[in-house]
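This report concerns only the one structure given below.
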């Protein structure tokens, strides 16, 4: 398992080259753009020298906490596994993140871009249909969101008419756009606090 000191050391060069990247525990995050947290995560493994690195774009308007690999995918390069002891590890990380990594997530700064981003990776890796549904709600595409919401319920909860997911779906759709915006804003503010990224986040919601 790589240590916090290892993570700080191996990301030193990429942070120097791209000052916008902020080290938060084991993540390098770009300041949230709009409703999205874009980041790279260095995940520890049982082997103390090895780690995995993946990118993700996290919609902040969702009713849950924490970070999930399900919003991105792993990053690789041509030099084998990521090793904290590799003498070239700083350069490898900087080249990969500022090249392939930023190309994947740097532009995802609005809902329309997130919907396009979601098409580039497997469905389960982008958080599934629920987050596409929420994104269409955010955009005010209520007919499209309603169709997606019903598909989600039929796909995942076909025998649970009274499930909390069904109730949440109906509550969101029943109050019109003003209620939808209030709920999504509340979820977003809660998740930002839970992730402790308030210093880097500027609310995209009208005050």
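The values are calculated or read from the model by the stated rules, or taken from the named source; none is laboratory data. Everything numeric here is computed off the predicted structure, so don't read it as measured data. Positions of Cβ are generated from backbone atoms using ideal geometry, with glycine treated the same way; all protein chains shown enter the neighbour counts.
Of note:
- Any chance residue 80 is farther than 20 Å from residue 199 by Cβ and surrounded by 14 or more Cβ atoms within 10 Å (Cβ to Cβ): no
- Filter result (more than 12 Å from residue 60 (Cα to Cα) and either in contact with a strand residue (DSSP E or B) (Cβ under 6 Å, 6 or more places away or on another chain) or part of a loop (DSSP other than H, G, I, E, B) (or both)) within region 176-201: 196, 200
- Members of region 117-144 found to be in contact with a helix residue (DSSP H, G or I) (Cβ under 6 Å, 6 or more places away or on another chain) and modelled with pLDDT of 90 or more, listed by number: 135, 136, 137, 138, 139, 140
- Set side by side, the residues 33, 43 differ, and just one is out of contact with any helix residue (DSSP H, G or I) (no Cβ under 7 Å at 6 or more places or on another chain), under 26 Å from residue 181 (Cα atoms) and outside the structural domain of residue 136 (by TED's automatic domain parsing), which is 33.
- Selected residue (criterion: farthest from residue 140 (Cα to Cα)) from residues of region 156-175 that are at pLDDT 75 or above and outside any loop (DSSP other than H, G, I, E, B): 171
- Here residue 52 passes the criteria (1) in contact with a helix residue (DSSP H, G or I) (Cβ under 8 Å, 6 or more places away or on another chain); (2) surrounded by 13 or more Cβ atoms within 10 Å (Cβ to Cβ) except the one numbered (1).
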